[in-house]
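In what follows, a single structure is set out as structure tokens and then discussed.
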Number of protein chains: 2
Amino acid sequence: MVSDAESAPVFAKPVTLREVAVSAGVSVATASKALNGQGRMTAETRERIRETARLLGFRPNSLAQSLLRRRSFTVGLLTNDTYGRFSLPLMAGVSDALVDNGVSVFLCNVEDDTRLGQLHVEAMLDKRVDGIIATGKRIDRHLPVDLANLRVPVVYAFTQPDAGAVGFVSDDADGARLAVEHFCRLGRRRIAHVSGPASFAVVNTRAGAYRAVLQENNLPAIEPLLGAWSEAWGHEAVAKLFGGRGERPDAVFCGNDQIARGVIDALRERGIRVPDEVGVIGFDNWEIVAEATRPPLTSVDMNLASLGREAGLALLSLVDGQPAAPGIRKLPCRLVVRQSCGSPPE
Amino acid sequence: MVSDAESAPVFAKPVTLREVAVSAGVSVATASKALNGQGRMTAETRERIRETARLLGFRPNSLAQSLLRRRSFTVGLLTNDTYGRFSLPLMAGVSDALVDNGVSVFLCNVEDDTRLGQLHVEAMLDKRVDGIIATGKRIDRHLPVDLANLRVPVVYAFTQPDAGAVGFVSDDADGARLAVEHFCRLGRRRIAHVSGPASFAVVNTRAGAYRAVLQENNLPAIEPLLGAWSEAWGHEAVAKLFGGRGERPDAVFCGNDQIARGVIDALRERGIRVPDEVGVIGFDNWEIVAEATRPPLTSVDMNLASLGREAGLALLSLVDGQPAAPGIRKLPCRLVVRQSCGSPPE
DNA sequence: CCCAACTGAGAAAACCTTTTCCCAACCCTT
DNA sequence: AAGGGTTGGGAAAAGGTTTTCTCAGTTGGG
């Protein structure tokens, strides 16, 4: 006869430490100590308890442990760009660093909604997260949430930290340098720069480094072309750079990969060969774009995953009570060379 | 004089129910009941306790509540595609549905690593998640983790469910129909289909629906061209379709947006006008691609966010003990019309 | 005036684990 | 044989909340 209970899935009740203790014929205290390698008892007793626990499939209830230890091995990841391409590798890095330490991550997407943000933060605090990592879609903007004076440590990654806090961002000047210096080494002499809107801090940072490298190498200064982060702007910029009668660039350093793609497509449409006549380097190393351009795009990678990892580890040591000097730490970029920038001259 | 304590941030201790009770001059029991609207007491007492709690900034400790209620208001989101473009809107939907119900989400990226997957699942179970949502990058593959016979309910979204489980996927046949029927309505007569590898179930599903619609409309059958999910394959396919001396298609339905972009670019390079001479429709509605094609790409959207939302709500009702019929539920797609498919004939 | 019913609130158990303190038994020394 | 140290293990508190049970006092009806 089949019982009614079978019609709905019935979920097994977890086995508790008490049950292990009873089954092994000891007290819960002893059982706890046996499993945690604490206290004193005969090796035989300890082993018997462990075996019993194994047999019963005992797993300690983290909730109870956390309640007692005042440490939940849980952190919150707050972002207003959960589904953008910057946050993703960054979140992967954070997650990696934490998971290796037995810490789980609450993902909270707050969009640009202050109310939603506060809601999430309070929910996380109620759930006794050990700390919070804040990430965003822009290095030069604050999240729409006030994270100062929380009762847990906060680390910022790829977003503007509050005063006195710890933050990690990419070193955009370094990234731009990497690209422009690479062009110099390849013997390019007229290097242009096409980037996004001037309202982005990174646009100015990168443009500054671009100018500096040109000067250091005694190359002609070309005023950076600032526009949008789009392919369309890449097309437009090529029209400006290559449409006139003036001397043409032999290299274009682009503010992101989409602009770079637009530039490459526009150059091809004008019959200008990449990389033979003009080299192109992008920024972000967004693989799906960089590998689809013809030829595949050399691009600056911001190492967002390691940035996330660093942030995760920093938070962990903060949680452990290690003080950390406040301030923004810049992490270096990396140039991923593909085929759009040409080979060194023989 | 500045105390040493100021050098390191010291985090305020949360206030407990006991403190509220003492402060209001009642027992913890009464305080609890006052705040939860339970029990019986004078309106005056209740109000006084509430006011005290508000003043003290009392927030109940979720850990303690969860321990008692055997319900943590926490679920795990398991994915092997955390950082791919399918999971993202899906996760947003899941998250939305759950957050509205006060449930937090543990994000777990298991890649294709069975060991890592089991580790994550056990960690979540230890943390007493109320349920688990499994999502992946392919509708026709299982996650590398065994989620059958867990002690919590599991719902699958955009990944193959285990036997007897509840799963949600997009209705790819519906999506393909939407696209091909749209072409038919626009008066296109020779509709080609360029898609990904035959090893993907969706490729066959969509190709099947494509053939069916052609037949229903008495249009000539053209054997689908199966290749890769890339722009390059789109170029190649155009060479095959438009390179010979045979009759040329006047519409191409593509298996994803990248192929579609390749097709559109290749057509332009051949001087074939889109949408005047050939209409193109993509699949996935990956906005960043769809909006960068020239002209912007009409594409089938799988409504992944609502798929995620449905999955979240289904899990919630499962957690509440409402039984759900096992099986795969297919959710309809939606055609997002841009400019690559042309207007209806006058 | 007595009993029943109701009212407002508290005591205590429960959830599960960890840790401190304590105790009984044993061994050794003098 | 008495005193002290050691050994193996248990009792109980703690962590913060919810819920059931209990109870003293008050009100109402007969």
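The values are calculated or read from the model by the stated rules, or taken from the named source; none is laboratory data. This is a predicted model, so every value here is computed, not measured. We place every Cβ from the backbone using ideal geometry, glycine too, and count neighbours over all the protein chains shown. To get the accessible areas, we keep the full protein, side chains included, count just its heavy atoms, and leave off ligands, DNA and RNA. Shrake-Rupley method; radii C 1.70, N 1.55, O 1.52, S 1.80 Å.
Alpha carbon centre of the range A:275-304 versus the range A:154-168: separation in Å?
29 Å
Tell me, what is the FRET efficiency for B:SER317 and B:GLU181 to the nearest 0.05, using R0 = 25 angstrom and their Cβ-Cβ distance as r?
Plugging the Cβ-Cβ distance into 1/(1 + (r/R0)^6) gives 0.15.
Counting partner chain Cβ atoms within 10 Å of every residue's Cβ in A:205-218, what's the average?
Per-residue shielding by partner chains comes out at 0.
What's the local net charge at B:ARG71, with K and R +1, D and E -1, over the other residues with C-beta under 9 Å away? Intermediate results must be reported in sequence, preceding the final value.
Details: positive: B:ARG69, B:ARG70, B:ARG128; negative: B:ASP130.
My count for the surroundings of B:ARG71 gives +2.
At a probe of 1.4 Å, how much accessible area disappears from chains A and B on forming the pair, both sides counted, to the nearest 100 Å²? Present the calculation step by step, with values, prior to reporting the outcome.
On the way: alone 17800 and 17830 Å², together 31160 Å².
Adding both sides of the contact gives about 4500 Å².
Write down the percent of antiparallel bridges among all DSSP beta bridges whose residues are both part of the protein assembly as shown, to the nearest 5. Spell out each step's value before the answer.
Details: 7 of 77 bridges.
Here the antiparallel bridges make up roughly 10 percent for the protein assembly as shown.
Let a ≥ b ≥ c be the square roots of the eigenvalues of the Cα gyration tensor of the range B:172-302; is it rounded (a/c under 1.5), or, if not, prolate (a/b larger than b/c) or oblate?
Cα axes put the range B:172-302 in the rounded bin.
Take peptides B:288-297, A:243-252 and line them up by average Cβ neighbours within 10 Å, highest first, as a rough protection proxy. Could you put the intermediate results ahead of the total?
Working: B:288-297: 20.2, A:243-252: 15.8.
Order by mean packing, descending: B:288-297, A:243-252.
In a Debye calculation with equal point scatterers on the alpha-carbon sites of the range B:145-227 and no solvent, what is log10 I(q)/I(0) at q = 0.13, 0.22, 0.26 Å⁻¹?
-0.53, -0.98, -1.21
At A:GLU51, label 7 Å along Cα→Cβ: distances to the other copies, nm, ascending?
Distances to the matching label points in the other copies: 6.4 nm.
Over all directions, how big on average is the projection of the convex hull of the alpha-carbon atoms in the range A:271-346, in square nanometres? Please report the intermediate quantities before stating the final value.
Values: hull surface 29.1 nm².
Averaged projected hull area, Cα only: 7.3 nm².
Which values, in whole Å and largest first, are the semi-axes of the equivalent ellipsoid of chain A obtained as the square root of 5 times each eigenvalue of the Cα gyration tensor? Before the final figure, lay out each step's value.
Values: eigenvalues 592, 91, 75 Å².
Equivalent ellipsoid semi-axes, largest first: 54, 21, 19 Å.
Tell me, how many Å apart are the Cα centres for the range A:52-76 and for the range B:242-268?
Comparing the Cα centres of the range A:52-76 and the range B:242-268, I get a distance of 57 Å.
Of the DSSP beta bridges with both residues in chain A, give the percent that are antiparallel, rounding to the nearest 5. It would help to have the intermediate numbers written out before the result.
Details: 3 of 38 bridges.
So the antiparallel bridges amount to about 10 percent of the total.
Once the other residues with Cβ under 14 Å from the Cβ of A:LEU313 are scored (Lys, Arg +1; Asp, Glu -1), what is the net sum? Each step should come with its number before you reach the end.
Numbers: positive: A:ARG309, A:ARG329; negative: A:ASP96, A:ASP100, A:ASP130, A:GLU310, A:ASP320.
Here the charged neighbours net out to -3.
What Kirkwood radius, in Å to one decimal, follows from the Cα pairs of the range B:13-170?
On the way: mean 1/r = 0.0558 Å⁻¹.
Taking the inverse mean of 1/r over all distinct Cα pairs, the range B:13-170 comes out at 17.9 Å.
For the protein assembly as shown, go through all pairs of different Cα atoms, get the mean of 1/r, take its inverse, and jot down that Kirkwood value in Å. Can you show the working numbers first?
On the way: mean 1/r = 0.0351 Å⁻¹.
Here the Kirkwood hydrodynamic radius works out to 28.5 Å.
Per residue of the range B:295-311, in order, report the coupling 6.51 cos²θ - 1.76 cosθ + 1.60 (Karplus, θ = phi - 60°) as ³J(HN,Hα) in whole Hz, putting x for Gly and Pro.
My calculation for the range B:295-311 gives x, x, 8, 6, 8, 8, 9, 7, 6, 4, 5, 6, 4, x, 4, 4, 4 Hz in order.
Please compute, for peptide A:285-298, the average count of beta-carbon atoms on other protein chains lying within 10 Å of each residue's beta-carbon. Numbers along the way, then the final one.
Working: counts 0, 1, 0, 8, 3, 0, 3, 8, 1, 4, 0, 0, 0, 0.
That works out to 2 on average.
May I ask you to derive the FRET efficiency for A:ARG270 and A:ALA324 from their Cβ-Cβ distance with R0 = 51 Å, giving the value to the nearest 0.05?
0.45
So the label point sits 7 Å from Cα along the Cα-to-Cβ vector; using that for B:ASP320, what distances do you get to the other copies, in nanometres, sorted shortest first?
So the distances to the same position in the other copies read 4.4 nm.
For a quick check of your reading of the filter: which chymotrypsin sites (Phe, Trp or Tyr not before Pro) in the range B:77-171 sit in a DSSP loop and have no more than 15 other Cβ atoms within 10 Å?
none
Grab every C-alpha pair in the range A:185-262, bin the distances at 10 angstrom width from 0 up to the longest one, and report whole percents.
Taking all Cα pairs of the range A:185-262, the binned fractions are 19, 52, 28, 1 percent.
Kindly express, to the nearest 10 degrees and within the range 0 to 90, the angle between helix B:43-56's C-alpha long axis and the longest C-alpha principal axis of chain B.
70 degrees
For the range A:69-124, what class follows from the C-alpha gyration tensor (a ≥ b ≥ c being the square roots of its eigenvalues): rounded when a/c is under 1.5, otherwise prolate if a/b is larger than b/c, else oblate?
Cα axes put the range A:69-124 in the oblate bin.
Taking amide H atoms as placed 1.01 Å from N in the peptide plane, list the residues 5 or more away in sequence, or in a different chain, whose amide H sits under 5 Å from that of A:SER230.
none
Given a 1.4 Å probe and heavy atoms of the protein chains only, how would you sort B:HIS142, B:HIS120, largest accessible area at the top? Write down the numbers at each step before the final one.
Working: B:HIS142 105, B:HIS120 20 Å².
Largest to smallest exposure gives the sequence B:HIS142, B:HIS120.
Averaged over peptide B:58-70, how many Cβ atoms belonging to another chain are found within 10 Å of each residue's Cβ? Can you show the working numbers first?
On the way: counts 0, 4, 1, 6, 10, 13, 5, 3, 7, 6, 1, 0, 4.
Averaged over the peptide's residues, the number is 5.
For A:VAL166, enumerate residues with amide H under 5 Å from its amide H, sequence gap 5+ or separate chain, H modeled in the peptide plane.
The answer is A:TYR156, A:GLY327.
As a test of understanding, state the convex hull volume per residue of the range A:12-60 from its alpha carbons, in Å³. List each step's numbers first, then the result.
Values: hull volume 3.0 nm³, N = 49.
About 62 Å³ per residue, rounded to a whole number.
Applying 1/(1 + (r/R0)^6) with R0 = 41 Å to the Cβ-Cβ distance of B:ARG71 and A:ARG40, what FRET efficiency is obtained, to the nearest 0.05?
Values: r = 38 Å, r/R0 = 0.93.
Efficiency for this residue pair is about 0.60.
What percentage of the solvent-accessible surface of chain B, computed with a 1.4 Å probe over protein heavy atoms, is contributed by carbon and sulfur atoms? Provide the component values of the computation, followed by the final result.
Details: 8030 of 15590 Å².
In chain B, the share of accessible area belonging to carbon and sulfur is 51 percent.
For chain B, what is the calculated [θ] at 222 nm in deg cm²/dmol (nearest 500), taking -39500 (n - 2.57) for each run of four or more DSSP H residues and dividing by its residue count? Could you put the intermediate results ahead of the total?
Values: 12 runs with 141 residues, N = 346.
Dividing the helical sum by the residues of chain B leaves -12500 deg cm²/dmol.
Report the residue of chain A with the smallest Cβ-to-axis distance, using the rotation axis that brings A onto B, in whole Å.
Whole-Å result, nearest residue of chain A to the axis: A:LEU107, 2.
Net charge within 12 Å of A:LEU178 by Cβ-Cβ distance, Lys/Arg positive one each and Asp/Glu negative one each, not counting A:LEU178 itself?
Working: positive: A:ARG177, A:ARG185, A:ARG206, A:ARG334; negative: A:ASP171, A:ASP172, A:ASP174, A:GLU181, A:ASP301.
Net of charged neighbours comes to -1.
What are the distances, in nm and sorted shortest first, from the label point of B:GLY271 to the label points of the same position in each other copy, with each label point placed 7 Å from Cα along the Cα-to-Cβ direction?
So the distances to the same position in the other copies read 1.4 nm.
For chain B, set up a Gaussian network in which alpha carbons nearer than 10 Å are linked by springs, and say which option among B:ASN109, B:ASN218, B:ASN303 fluctuates the most.
B:ASN218
At B:THR114 and B:GLN339, where each label point lies 7 Å from the Cα along Cα→Cβ, what is the point-to-point distance in nanometres?
The modelled label-to-label distance comes out at 5.2 nm.
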